[in-house]
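Participant: Right, I'll just put the structure down here and ask away after.
The values are calculated or read from the model by the stated rules, or taken from the named source; none is laboratory data. Quantities reported herein were computed from a predicted structural model and do not represent experimental measurements. Every residue, glycine as well, gets a Cβ built from its backbone with ideal geometry; the counts of neighbours run over all protein chains shown.
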Amino acid sequence: MGFAVNDLYKKYGEKVVVDHLSFQIDSPGVYALLGTNGAGKTTSIRMILGMLAKDGGTVTWNGQPLTMENCNVGYLAEERGLYPKCGLMDQLIYFATLRGVSKADAKKRIYYWAEKLDAMEYLKPPTLAKAAKIKKADQLSKGNQQKFQLMAALLSDPELIILDEPLSGLDPVNADLFKGIIHEEIEKGKYLIMSSHQMATIEEFCTDLTILDRSKTVLQGNLADIKKSYGRIHLYIKSEQDLEQQIMAAGVNIESKVGFAYQCKVTGEEQANALLKALVEQGVTLIAFELCEPSLHDIFVEKVGDTHEE
Amino acid sequence: MKSNGIRMRLREVGIVVRFAVKDHYRALSVRILLALLLVAGLVSMPLLVFFNDDDTAAVDTGERSVITKLYVRNETPFPVEAPTASVRYAEMEWVPTESSDETMAKLLAEETTAAAVVISQNAETGQFAVDGYYGEQSEISGRELDTLCGAVAEQLYDTMMQTLQVTQAQMDLLKSDIIANTRTFSDYQNGEDVFGMADSALISLLYSYLLLIVTAMAMGYIVQLCMEEKQSKLVELVLISVKPISLLTGKIVAVTCFLLVMLVIGGGGVAVSYLVTSQFYSLDFVGEMIAGALGVSRFPEFTVASVLLCVVGIVLAYLLTAFLAVIFGSACSRTEDVQPCTLITTLFIMLGYLGASFLPMMNHDVVLAVTCVFPLTGMFCAPIFFLCGKISGWVMLLAFAVQILTIVGLAKLSGTIYRAMIFYRGQYPSPAKLFAMVYGSKSKPSRKGETS
């Protein structure tokens, strides 16, 4: 049950753009689809949604081929837009009614989401004096347009939500609003597929992920398990004195250094313990000594960075 | 299950139509255009009356002419008298004269409400002429004098008939029209009303022009509508909500609605104008004027059924060209792509138009039937050839059926192409490349792990 992509394949001419992609989402939550530019994320999403013809593979929802009829899908596309000269309320009602929502229900939901996204002023001015604030899409800022695009994606109360770069181009305040809504949808038990370059954001939400590189799957699985498999190899040391010589003497690799704060990479806990023991024996005053799992950013760079350096 | 799907598609089409129509009429320019169309329709009949050369329209008003004196130099042997039967000229002074051109010019220069007519006969051709003159400073308009010359010409004709001792019954007989008709003997036996070859050719030309105007207007709209989602970067948001074929059909129906509304407003304006103007002026000349302008001896008397037939013909032709426009418009992503796209579509339409214009000249029943049944040519000629009695009702029904099937086929094809080209952005491809892109993209997948 749930959502499954099996052996998805696409090529343009001789160029393979999605090479046998498979993944499965068995329970509600966020699944991340990561990759560099041109890795095939958006093409995969378009094939999943039936917008692009597949050259191979299947996409199923609860065991049945996914169609817009048997699964209520909400989609925030990477390429965003609205009808520029059309009233915002009119076009939101248009999108909602196309998804089978009645006009009255659509209005209620629009006001609900507008309230949540702090965009009410563009739809329903509280006084006549502010009537001039009712705007058309082309008069809105990029961030505000993005709010209405997210609204359009969520108006049909979808079971499966696909968000392609949801936070790109948002200021921190609006990014927090979006994050709040994503959390709310997770709590409601929705299935979400999220694609983003902002690893910190993905790390905040996702449980499982696939990393694509040049059309191929390079890493896949549960984020916690992946991190565990890498082990605690990242060491953060902060002191009041220069420790470069001591660290290097212990055979530890320094990745970056800011003042007397060092980002290092160790082979394992034994090497870290040996370094700590040596520093203590030398009477070094330590402010921080933290052995941690790699971040998603580190994993991503490790998996994808090598191939791009070729 | 299938009927449920069709119902769903129809629902989607309905929503798209409502949205597109509402969006269209929101534009101030469209509302101004419709208002202008209504005004043009309303003033059409008064303008026709104003510019009509026929004097009957003016005579019927009972107004006196501004011409108070008319110098008449009659160079024919027929003694023409003043048109006193007309109220308009009842008080006008009729002054027979033999003065020279110079003397008449002097008289007309002095009297601003006087005019002169010279009634003459050409010695070589035998043709009669009534030439009217007015002075440089005259208060008389050219149209007023033209109307008076018409009345004098009528007087001359009546005098000639009286001189020849022609009775009123004979005169009526001489004035009656003669129409040349060509038809099959069975049509003659069935009492079918048909037009002569020249008349039907001109009427079909008029129908073709009307069709060309409608399709040309629609084409631009349709191509713009094809690009609307691409330009607004809305493709994905829209496609998640609606099937491409429903979106396209909805847009095409919406454009049909715009055109029909324009037709209803313009036509309604003309109808109201006709009804109101006919209360004050005789508008009998309008039919003759249109027939004259078209060069036909008579204008067909349209019944409700024949008008409906023409409307169905135009709607089918419009849908056919609209889906053609979508097929070629799907590859457009920039405003500059509209030109090559409309050029290709226009080529197809012009081929149909030329075929419909020239193939019937072969005057062969089979060629005529094939021309009507082939959708691209048939859309220009089938209904009108039926109305002119050139093809049977069965051939016309077959032509409509083939057109409907073609429209359905084109709709499906346009849906496939629109969907395949929806993410395409770039230079407008040639038709061959376009089809290669649509059908060539469905390549066979390689085995897992195999790289290209």
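Participant: What strands (runs of 3 or more DSSP E), lying completely within region A:1-64, carry at least 3 residues that are within 14 Å of another protein chain (Cβ to nearest Cβ)?
Facilitator: On the way: elements: A:3-12, A:15-25, A:29-35, A:56-61.
In region A:1-64, A:3-12, A:15-25, A:56-61 are the strands (runs of 3 or more DSSP E) which contain 3 or more residues that are within 14 Å of another protein chain (Cβ to nearest Cβ).
Participant: Select, from B:Tyr418, B:Tyr424, the only residue that is within 14 Å of chain A (Cβ to nearest Cβ), closer than 20 Å to B:Val223 by Cα and at pLDDT 85 or above.
Facilitator: Numbers: B:Tyr424 fails: at pLDDT 85 or above.
One residue alone meets the criteria, B:Tyr418.
Participant: Collect the residues in region A:54-70 that are within 17 Å of A:Lys190 (Cβ to Cβ), at pLDDT 90 or above and hydrophobic (A, V, I, L, M, F, W, C), keeping them in residue-number order.
Facilitator: Start the filter on region A:54-70 by keeping residues that are within 17 Å of A:Lys190 (Cβ to Cβ), which leaves A:61-62, A:66, A:68, A:70.
Imposing the further condition that a residue be at pLDDT 90 or above reduces the set to A:61-62, A:66.
Once the filter is applied, which keeps residues that are within 17 Å of A:Lys190 (Cβ to Cβ), at pLDDT 90 or above and hydrophobic (A, V, I, L, M, F, W, C), region A:54-70 yields A:Trp61, A:Leu66.
Participant: Could I ask something else about it? When you scan region A:212-222, do you find a residue that is under 24 Å from A:Tyr94 (Cβ atoms), in contact with a Ser or Thr (Cβ under 6 Å, 6 or more places away or on another chain) and not aliphatic (A, V, I, L, M), even just one? Talk me through it step by step, then tell me what you get.
Facilitator: Restricting attention to region A:212-222, the residues satisfying the condition of being under 24 Å from A:Tyr94 (Cβ atoms) are none.
No, region A:212-222 contains no residue that is under 24 Å from A:Tyr94 (Cβ atoms), in contact with a Ser or Thr (Cβ under 6 Å, 6 or more places away or on another chain) and not aliphatic (A, V, I, L, M).
Per-residue answers, yes or no, for (1) of a type in the set (D, E, K, R); (2) surrounded by 12 or more Cβ atoms within 10 Å (Cβ to Cβ); (3) within 42 Å of the chain's Cα centre (by Cα):
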| position | (1), (2), (3) |
| --- | --- |
| B:Ile67 | no, yes, yes |
| B:Ala85 | no, yes, yes |
| B:Leu108 | no, yes, no |
| B:Ile119 | no, yes, yes |
| B:Ala129 | no, yes, yes |
| B:Tyr133 | no, yes, yes |
| B:Glu136 | yes, no, yes |
| B:Glu139 | yes, yes, yes |
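Participant: While we're on this one: Being surrounded by fewer than 22 Cβ atoms within 10 Å (Cβ to Cβ), closer than 18 Å to A:Leu192 by Cα and of a type in the set (A, V, I, L, M, F, W, C) is the filter here, so list the residues in region A:46-64 that pass it.
Facilitator: Matches in region A:46-64: A:Leu49, A:Val59, A:Trp61.
Participant: All but one of (1) at pLDDT 90 or above; (2) out of contact with any helix residue (DSSP H, G or I) (no Cβ under 9 Å at 6 or more places or on another chain) hold for A:Pro172; state the number of the condition that does not hold.
Facilitator: (1)
Participant: From the list A:Asp157, A:Asp138, A:Asp105, pick out the single residue that is out of contact with any helix residue (DSSP H, G or I) (no Cβ under 7 Å at 6 or more places or on another chain), of a type in the set (Asp, Glu) and at pLDDT below 80. Can you show your working first?
Facilitator: Working: A:Asp157 fails: at pLDDT below 80; A:Asp105 fails: at pLDDT below 80.
Of the residues listed, the single one that is out of contact with any helix residue (DSSP H, G or I) (no Cβ under 7 Å at 6 or more places or on another chain), of a type in the set (Asp, Glu) and at pLDDT below 80 is A:Asp138.
Participant: Only one of (1) acidic (Asp, Glu); (2) under 26 Å from A:Glu293 (Cβ atoms); (3) in contact (Cβ under 8 Å) with a residue 12 or more places away in the chain is not met by A:Asp225, so which one is it?
Facilitator: Condition (3) is where A:Asp225 drops out.
Participant: Which of the residues spanning region A:1-25 are under 10 Å from A:Ser215 (Cα atoms) and surrounded by 14 or more Cβ atoms within 10 Å (Cβ to Cβ)? It would help to see each step written out before you state the result.
Facilitator: Step one: list which residues in region A:1-25 are under 10 Å from A:Ser215 (Cα atoms), which gives A:9-11, A:15-21.
Within region A:1-25, A:Tyr9, A:Lys10, A:Lys11, A:Val16, A:Val17, A:Val18, A:Asp19, A:His20, A:Leu21 qualify.
Participant: So which residues in region B:231-240 are in contact (Cβ under 8 Å) with a residue 24 or more places away in the chain and either within 8 Å of chain A (Cβ to nearest Cβ) or within 21 Å of A:Thr97 (Cα to Cα) (or both), if there are any at all?
Facilitator: Our first condition is that a residue be in contact (Cβ under 8 Å) with a residue 24 or more places away in the chain; within region B:231-240, this holds for B:231, B:235, B:239.
Correct list: B:Val235, B:Leu239.
Participant: Moving on. Collect the residues in region A:273-286 that are at pLDDT below 90 and surrounded by 11 or more Cβ atoms within 10 Å (Cβ to Cβ), keeping them in residue-number order.
Facilitator: Answer for region A:273-286, where residues must be at pLDDT below 90 and surrounded by 11 or more Cβ atoms within 10 Å (Cβ to Cβ): just A:Val284.
Participant: How many residues are in contact (Cβ under 8 Å) with a residue 60 or more places away in the chain and either among the small types (Gly, Ala, Ser) or closer than 27 Å to A:Tyr12 by Cβ (or both) if we restrict to region B:405-415? Walk me through how you get there before you give the answer.
Facilitator: Here is the first cut: in region B:405-415, the ones in contact (Cβ under 8 Å) with a residue 60 or more places away in the chain are B:406-407, B:410-415.
Now restrict to residues that are either among the small types (Gly, Ala, Ser) or closer than 27 Å to A:Tyr12 by Cβ (or both): B:410-415.
Of the residues in region B:405-415, 6 are in contact (Cβ under 8 Å) with a residue 60 or more places away in the chain and either among the small types (Gly, Ala, Ser) or closer than 27 Å to A:Tyr12 by Cβ (or both).
Participant: On to the next question. Can you pull out every residue in region A:79-104 that is assigned to a loop (DSSP other than H, G, I, E, B) and facing chain B (nearest Cβ under 8 Å)? Spell out how you get there, then give the answer.
Facilitator: First, pick out the residues of region A:79-104 that are assigned to a loop (DSSP other than H, G, I, E, B): A:79-86, A:99-102.
Within region A:79-104, A:Glu79, A:Arg80, A:Gly81, A:Leu82, A:Tyr83, A:Pro84, A:Lys85, A:Cys86, A:Arg99 meet the criteria.
Participant: Could you check region A:65-78 and list, in sequence order, the residues that are farther than 19 Å from A:Ser22 by Cβ and more than 11 Å from chain B (Cβ to nearest Cβ)? Can you show your working first?
Facilitator: Here is the first cut: in region A:65-78, the residues farther than 19 Å from A:Ser22 by Cβ are A:67-70, A:72-78.
The one that is farther than 19 Å from A:Ser22 by Cβ and more than 11 Å from chain B (Cβ to nearest Cβ): A:Asn70.
Participant: If the Cβ limit is 7 Å and pairs must be 6+ apart or interchain, which residue in region B:4-32 that is facing chain A (nearest Cβ under 10 Å) and within 20 Å of A:Ala96 (Cα to Cα) pairs with which residue that is assigned to a helix (DSSP H, G or I) and among the β-branched types (Val, Ile, Thr)?
Facilitator: B:Ile15/A:Thr97
Participant: Okay, moving on. Please pick out the residue among A:Lys265, A:Lys216, A:Lys228 that is closer than 30 Å to A:Ala4 by Cα, surrounded by fewer than 16 Cβ atoms within 10 Å (Cβ to Cβ) and at pLDDT below 90. Reasoning before the result, please.
Facilitator: Details: A:Lys265 fails: closer than 30 Å to A:Ala4 by Cα; A:Lys216 fails: surrounded by fewer than 16 Cβ atoms within 10 Å (Cβ to Cβ).
The match here is A:Lys228.
Participant: Which residue, of B:Leu368, B:Leu376, B:Leu405, B:Leu410, is over 19 Å from B:Ala325 (Cα atoms) and either assigned by TED's automatic domain parsing to the domain that holds B:Thr345 or modelled with pLDDT of 90 or more (or both)?
Facilitator: None of the other options fit; the residue is B:Leu368.
Participant: Restricting attention to region A:219-226, does a residue exist that is under 30 Å from A:Asn72 (Cβ atoms) and in contact with a His (Cβ under 9 Å, 6 or more places away or on another chain)?
Facilitator: no
Participant: Let me ask another. A:Thr201 is checked against (1) part of a helix (DSSP H, G or I); (2) of a type in the set (S, T, N, Q); (3) at pLDDT 90 or above and fails just one. What number does that condition carry?
Facilitator: (3)
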